[in-house]
Amino acid sequence: MTENLKTEVADGIMTLTLSRPEKKNALTGAMYDAMSDGLERAETDPAIKVVLFQGDGDSFTAGNDLADFSAQSSSKDPGESPAFRFISNLGRATKPLVAAVQGNAVGVGTTMLLHCDLVYLADNARLITPFVNLALVPEAASSWLLPARIGHVRAYAMFALGEPMDAATALSCGLANAVVPVADVRSKALAAAVTLTKRPTGSLSHTKALMREHQKIAAKISAESALFKERLQTAEAREAFSAFAERRAPDFSKV
Ligand code: COA
């Protein structure tokens, strides 16, 4: 349980709202676990037909909490992380996932969208995957799903240069269904979710299964995760996390 993740179920829709706006909805272990609990419940509860993700405040999410990364980076045995559990749940979800995204969607904030079936962006949305800037590697099967969706060079620029992608570009390269004013993004996503609740559940579930290669996604998540864990323990990653905490640019030449 955490106050930073609100779970509501109404009329067939489970809404998961990231609610840590003072930290740009940076994701803590408790928030990942609460989202996993929601996704696991959605899989088995026939009353839930659609899961909708949204975030309070001006950002969808700033991604993994960097203080948590820093702690994992100096821990001898960080164990299986709540982030891994969440990503695995996303990768095997059989019910439709919908997202409403405003402002920054960093790291997993972007890679989770690759697992959503409908994505609505506010016109101020910025998708950012700065894994290499943090001395890490892509996760959530994004090393496969992102280039498959937008092409190798655009994906590489996002991963390796950390280039943000704006909402209009994301729409044009197939990462979103629509771009709307910030004030409308939640209602737009909710309306789509409501429409899905009226579609036949069995047909929706087969359609998603046909469109998603669950086994390949799981294999990619595993391979990435092994490398990600290794990278977290490097001096390069520690330098990146210290630099963020000290509000300075990282200097990888000294490690
Ligand atoms: N982990 C922990 N805290 C975070 C965070 C993160 N990922 N992202 C933002 N915060 C915190 C900041 O430290 C700051 O806290 P403070 O007010 O106590 O100093 C607060 O949230 C506001 O962030 P700030 O950087 O001042 O907001 P901004 O609007 O200038 O920038 C971002 C927003 C998201 C662009 C910027 O915060 C950022 O780049 N965050 C890191 C994103 C990241 O690398 N995530 C990991 C991806 S794998």
### Query
Label points 7 Å out from Cα along the Cβ direction at residue 166 and residue 213: separation in nm?
3.4
### Task
Set Lys and Arg Cβ to +1 and Asp and Glu Cβ to -1, take the dipole of the chain about its Cα centre, and tell me which of 240, 18, 167 lies farthest positive.
167
## Note on the structure
In debye to the nearest 20, the charge dipole size for the chain, taken about the Cα centre with +1 at each Lys and Arg Cβ and -1 at each Asp and Glu Cβ, equals 540
### Task
Could you sort 173-181, 80-88 so that the peptide with the highest average Cβ count within 10 Å comes first and the rest follow in order?
80-88, 173-181
### Task
With a ≥ b ≥ c taken as the square roots of the eigenvalues of the C-alpha gyration tensor of the chain, please select rounded if a/c is under 1.5 and otherwise prolate if a/b is larger than b/c or oblate if it is not?
prolate
### Query
Sorted by packing (mean other beta-carbon atoms within 10 Å per residue), highest first, where do 91-104, 236-249 land?
91-104, 236-249
### Query
Highest GNM mean-square fluctuation, the chain, Cα pairs closer than 10 Å: which of 27, 127, 145?
145
### Query
Of 111, 129, 234, which is the most mobile in a GNM of the chain whose springs link Cα atoms less than 10 angstrom apart?
234
#### Entry: Of 38, 130, 50, farthest towards positive along the dipole that unit charges on Lys, Arg, Asp, Glu beta carbons give the chain
50
### Query
Where both partners of a DSSP beta bridge lie in the chain, what percent of those bridges are antiparallel, to the nearest 5?
30
### Query
Based on the mean of other beta carbon atoms within 10 Å per residue, what is the order of 209-220, 152-163, most packed first?
152-163, 209-220
### Relative contact order computed over the chain (Cα-Cα under 8 Å; 6+ residues apart), in percent
20
### Summary
Between residue 41 and residue 234, the FRET efficiency computed from the C-beta separation at R0 = 45 Å comes out, to the nearest 0.05, as 0.80
### Task
Can you tell me how much longer the chain between residue 92 and residue 80 gets when fully stretched, taken as 0.36 nm per residue apart minus their C-alpha distance, in nm with one decimal?
2.6 nm
### Query
For residue 197 and residue 226 in one chain, what is 0.36 nm times their gap in residues minus the Cα-Cα distance, to one decimal in nm?
6.7 nm
### Message
Tell me the relative contact order for the stretch 59-208 as a rounded percent, counting alpha carbon contacts under 8 Å between residues six or more apart.
### Response
26
### Query
Of the residues 73, 59, 19, which exhibits the maximal mean-square fluctuation in a Gaussian network model of the chain defined by a 10 Å Cα contact cut-off?
73
### Summary
Per-residue ellipticity at 222 nm attributable to helices in the chain (runs of n ≥ 4 DSSP H, -39500 (n - 2.57) apiece, nearest 500 deg cm²/dmol) works out to -13000 deg cm²/dmol
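No lab work stands behind these numbers, since they all come straight from the coordinates. It should be emphasised that the depicted structure is a prediction, and the values quoted were computed from it without experimental measurement. Using ideal geometry, Cβ is built from the backbone for each residue, glycine included, and neighbour counts are taken over all protein chains shown.
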